[in-house]
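Before any comments, here is the structure.
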Amino acid sequence: MSTTYKVLVTDSEFLTAALVQSKVSVWFRLEPDPIGHLMDYGGIVEGYTPDSIKLAGAHFVRGRFEYRAYIK
């Protein structure tokens, strides 16, 4: 089974994910690693700043991780 997702990068992408209440997960990925490692199952975007993302009550450093919104 294949899961479709969109990697969130811009403020408008995080805003859209928050408005439609997409589930967003947090991944750690190094350049040569095509898949990455799941760090947190995350949840709904509750807020974002230029430095951090708030998912399900937890704050994550924005530039350190990859954020994936699942598409239904």
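The values are calculated or read from the model by the stated rules, or taken from the named source; none is laboratory data. Note that this is a predicted model, so its numbers are computed, not measured. Because the Cβ atoms are built from the backbone with ideal geometry, glycine has one as well, and the counts that use them run over all protein chains shown. Quick note on the areas: whole protein, heavy atoms, side chains included, nothing else; ligands and nucleic acids left out. Shrake-Rupley method; radii C 1.70, N 1.55, O 1.52, S 1.80 Å.
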The one condition THR3 fails out of (1) open to solvent by less than 100 Å² (accessible area, probe 1.4 Å); (2) without any contact (Cβ under 8 Å) to a residue 12 or more places away in the chain; (3) over 12 Å from the mean Cα position of the chain (by Cα) is (2)
Inside the range 19-39, the number of residues satisfying the requirement of being of a type outside the set (S, T, N, Q), open to solvent by less than 60 Å² (accessible area, probe 1.4 Å) and within 11 Å of the chain's Cα centre (by Cα) is 3
The residue that is nearest to ASP11 (Cα to Cα), considering only those in the range 45-67 that are open to solvent by 100 Å² or more (accessible area, probe 1.4 Å) and charged (D, E, K, R), is ASP51
Of the residues in the range 45-72, those that are in contact with a Pro (Cβ under 9 Å, 6 or more places away or on another chain) and outside any loop (DSSP other than H, G, I, E, B) number 0
request  = State yes or no: is GLY42 surrounded by 14 or more Cβ atoms within 10 Å (Cβ to Cβ), without any contact (Cβ under 8 Å) to a residue 40 or more places away in the chain and either not charged (D, E, K, R) or not in a strand (DSSP E or B) (or both)?
outcome  = yes
